[in-house]
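First up is the structure itself, then whatever we jot down about it.
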């Protein structure tokens, strides 16, 4: 008699536990993608800053060329799983005259490159959007001109 009353209990317990386990699993995957994209944004800002501060003997890269370097890096490495093609990245390039010679991009002057990426949740978009969470990944790199 007791055994008959518990026949569906295992299925109910599995349903409750499976939901929690799947949410945990997908949360881990989503968080891993966020960390990877943050590393890509950081590397893109470094690549852009490095390309901008290196003097090749004739001229430096323009701000547009630096933005192109960043966009190429981000386009090749960012995980967006097809949600954005190319990824929507905002880049700010700013030179500061640190050596006092009146030239913004001279040797010893500081280049600041900021890259921002509005992360869109990939795996759990409906769950997170209902919570009203927006996440913007930002990375800033400062380097002195050579």
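The table for this structure:
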item	result
Any hit, the range 77-91, residues being modelled with pLDDT of 90 or more and surrounded by fewer than 17 Cβ atoms within 10 Å (Cβ to Cβ)	no
Residue 109 being in contact (Cβ under 8 Å) with a residue 24 or more places away in the chain, under 16 Å from residue 146 (Cα atoms) and surrounded by 14 or more Cβ atoms within 10 Å (Cβ to Cβ)	yes
Exclusive hit being part of a helix (DSSP H, G or I), surrounded by 10 or more Cβ atoms within 10 Å (Cβ to Cβ), over 27 Å from the mean Cα position of the chain (by Cα) and at pLDDT 85 or above, set 39, 44, 18, 49	18
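The values are calculated or read from the model by the stated rules, or taken from the named source; none is laboratory data. What you see is a predicted model; the values in this text were computed from it and never measured. We place every Cβ from the backbone using ideal geometry, glycine too, and count neighbours over all the protein chains shown.
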